[in-house]
Amino acid sequence: VQLQASGGGLVQAGGSLRLSCAASRSIFGLGDIRWYRQAPGKQRELVASITRGGTTTYDGSVKGRFTISRDNAENTVYLQMNSLKPEDTAIYYCNTYMNYVTYWGKGTQVTVSS
């Protein structure tokens, strides 16, 4: 399984971005799909996840601002990020698993200026 994250960029505080995670195969058969982020000098942290059935969970720092969704027909998971803050600056990665193997996509850089 290959995952390709895209949609990052530079945005001012308060702005929005939509990240995409495109899979090389049907996402219907995959496990939960997750977005992580890693800021400079910090550990990678889980931001949001979505199950096959569409159940979503969020880290408290993004709840109410970020929305994760999936489009099974497009084999893509999205992360809509609104009201961005400078502390959201990080490289964002998508992740999933299948048959006990974990897959990571290359990250996409999100930079929020104050």
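Charges at C-beta only: +1 for Lys and Arg, -1 for Asp and Glu. How large is the resulting dipole of the chain about its Cα centre, in Debye rounded to 20? Show your work: numbers first, answer last.
Numbers: 12 positive and 7 negative charges, 13 e Å.
The calculated dipole for the chain is roughly 60 debye.
Nothing charged except the Cβ atoms of Lys and Arg (+1) and of Asp and Glu (-1): what's the magnitude of the dipole of segment 1-67 about its Cα centre? Round to the nearest 20 debye. Show your work: numbers first, answer last.
Numbers: 9 positive and 3 negative charges, 4 e Å.
So the dipole magnitude of segment 1-67 works out to roughly 20 debye.
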Original post:
How compact and how long is the chain, expressed as Rg and Dmax of its alpha-carbon atoms in Å?
Top reply: 13.3, 43
Original post:
Looking at segment 33-114, which trypsin sites (Lys or Arg not before Pro) are DSSP coil and have at most 14 other C-beta atoms within 10 Å of their C-beta?
Top reply: Lys42, Arg52, Lys63
**OP:** Report the FRET efficiency, 1/(1 + (r/R0)^6), for Thr102 and Asn82, where r is their Cβ-Cβ distance and R0 is 41 Å, rounded to 0.05.
**Re:** 0.90
**OP:** Go ahead and set up a Gaussian network model of the chain, Cα springs under 10 Å, then flag whichever of Tyr78, Tyr36, Tyr97 fluctuates most.
**Re:** Tyr97
Original post:
If the label point is 7 Å along Cα→Cβ of Arg52, which residues in segment 99-114 have backbone nitrogen under 12 Å from it?
Top reply: 99
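Could you check what % of the DSSP bridge pairs in the chain are antiparallel, to the nearest 5?
Approximately 90 percent, going by the DSSP bridge assignments.
Tell me, what is the FRET efficiency for Gln109 and Ala13 to the nearest 0.05, using R0 = 22 angstrom and their Cβ-Cβ distance as r? All intermediate terms of the calculation are to be shown ahead of the outcome.
Working: r = 16 Å, r/R0 = 0.74.
It comes to 0.85.
Every number here is computed from the coordinates shown, using simple stated rules; none is lab data. Keep in mind that this is a model prediction, so the values were computed, not measured. Cβ coordinates were reconstructed from backbone atoms using ideal geometry, including for glycine residues, and neighbour counts include every protein chain displayed.
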